[in-house]
Amino acid sequence: MWRSGWQALAVALDADIVERVAHLHDATLAQLLSGEVEGVPPAPPLRRADVERHDRAIDGPGGPLAVRVYRPVDADGVLPALVWVHGGGWQYGDLDMPEADSVSQIVAATARIAVVSVGYRLAPVHRHPAALDDVVAAWRWVSSGAAPGIDPAHVGLGGASAGGLLAAAATLVLAGEEVPPAALWLAYPVTDPDGGPYDEPHADCPPVLWLGREGTMGLFGTYLGADPADAGPPIVPLAGDLAQLPPTLVTTAECDGLRAQGERFVGEARAQGVEVAHHHVDGVLHGYLNTVGDSGAADLALERHVRWVHAALAVGIPGENY
């Protein structure tokens with residue numbers, strides 16, 4: 001159903017990415033967190049003239065909740081929408097990171113939909129269920145018709161990495177709504193921090209960037225404020241009733257400790273009758289959406305993902321061919 005262990009034949013890391021991470025091969029996590037060693041250089045900010053962006057503060061469960069709404073400038077009438085959740089280990093990230101801002105612009109422009117990016121509360125100041133509650137609140141704001149120019153009957157959820165876990169968990173929470181999420185996109189997601197599985201490190205990936213069990217469990221434990229092994233559904237999606245999920249896209253990266261976890265999710269969801277597309281991306285690291293606009297491999301991957309999003313939300317016929 002999913003791979004167990006590391007396969008001997010591995011695809012080399014994309015040359016654009018090798019250059020970006022070469023300085024990190026001998027770095028420690030302490031050096032990276034302290035700023036002694038610079039992290040992965042961010043992709044240049046993207047500012048598309050064909051997309052309008054509006055920052056909003058909506059009523060959230062913990063007070064004002066920041067969202068950023070993206071829309072093609074020449075779009076008339078109401079549009080389907082994707083509520084998008086950035087990653088960052090539940091402790092980092094914001095609406096300006098490429099995984100949030102650049103991805104939202106590209107999806108809005110090329111899928112011809114609205115995108116609502118969620119600035120959810122971060123740990124350790126705000127522990128579980130703060131982030132999950134914020135994502136659920138943002139989706140309900142959009143699907144209630146409160147967001148102007150959006151068709152509340154065609155609203156999907158998506159997220160990357162830790163945001164993928166939040167998007168999947170929120171979708172399970174919202175499955176009982178009168179009109180539940182129409183589609184789900186999980187990019188290199190965390191789906192079961194304790195149960196895994198995890199891949200063995202890839203030689204091309206600096207160890208400090210590899211998301212294995214120890215690092216993932218540490219981040220998840222900080223968000224929970226408890227032992228991650230004690231967590232259950234909905235915050236651990238793989239422990240939930242996956243049969244409730246809408247058509248789903250899962251994307252995995254070649255050089256990513258979470259790859260096997262994403263593949264397990266695909267297998268489990270399909271076994272429970274969910275329509276699941278799986279886009280595997282060779283030659284890229286976990287977090288490759290943060291390099292869009294600066295990596296040919298990431299750009300091509302996102303182009304394929306967006307075709308599926310367009311089919312799922314704007315056309316209504318997702319499938320493996322997308």
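This table checks each residue for (1) out of contact with any Lys or Arg (no Cβ under 6 Å at 6 or more places or on another chain); (2) hydroxyl-bearing (Ser, Thr, Tyr); (3) outside any loop (DSSP other than H, G, I, E, B).
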site: Ala138; (1), (2), (3): yes, no, yes
site: Leu172; (1), (2), (3): yes, no, yes
site: Ala182; (1), (2), (3): yes, no, no
site: Trp185; (1), (2), (3): yes, no, yes
site: Gly195; (1), (2), (3): yes, no, no
site: His202; (1), (2), (3): yes, no, no
site: Thr222; (1), (2), (3): yes, yes, yes
site: Leu238; (1), (2), (3): yes, no, yes
* Structure fact -> Within the stretch 269-297, restricting to residues that are in a loop (DSSP other than H, G, I, E, B) and hydrophobic (A, V, I, L, M, F, W, C), the one that is nearest to Val21 (Cα to Cα) is Val292
* Of the residues that sit in the stretch 171-193 and are charged (D, E, K, R) and modelled with pLDDT under 95, which one is nearest to the chain's Cα centre (by Cα)? -> Glu177
* Asked: Would you say Ala146 is open to solvent by 30 Å² or more (accessible area, probe 1.4 Å), small (Gly, Ala, Ser) and farther than 21 Å from Pro228 by Cα?
  -> yes
* Counting just the residues of the stretch 80-102 that are of a type in the set (Gly, Ala, Ser) and buried (at least 24 other Cβ atoms within 10 Å of the Cβ), which one comes out farthest from the chain's Cα centre (by Cα)? -> Ala81
* Give me the pairs: first residue in the stretch 91-103 and among the hydroxyl-bearing types (Ser, Thr, Tyr), second residue not in a loop (DSSP other than H, G, I, E, B), beta-carbon distance under 6 Å, and six or more apart or on different chains, which are they? -> none
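For residues that are under 26 Å from Gly77 (Cβ atoms) and open to solvent by less than 40 Å² (accessible area, probe 1.4 Å), tally how many sit in the stretch 103-136. It would help to see each step written out before you state the result.
Here is the first cut: in the stretch 103-136, the residues under 26 Å from Gly77 (Cβ atoms) are 103-118.
Remaining after also requiring open to solvent by less than 40 Å² (accessible area, probe 1.4 Å): 103-109, 111, 113-118.
Going through the stretch 103-136 one residue at a time, the tally reaches 14.
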* Asked: Taking the stretch 26-75, which residues are part of a strand (DSSP E or B), β-branched (Val, Ile, Thr) and within 30 Å of Arg127 (Cβ to Cβ)?
  -> Ile58, Val67, Val69
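The values are calculated or read from the model by the stated rules, or taken from the named source; none is laboratory data. This is a predicted model, so every value here is computed, not measured. Heads up, the Cβs are rebuilt from the backbone with ideal geometry, glycines too, and the neighbour counts pull from every protein chain shown. What goes into the accessible areas is simple: the full protein's heavy atoms, side chains included, and nothing from ligands, DNA or RNA. Shrake-Rupley method; radii C 1.70, N 1.55, O 1.52, S 1.80 Å.
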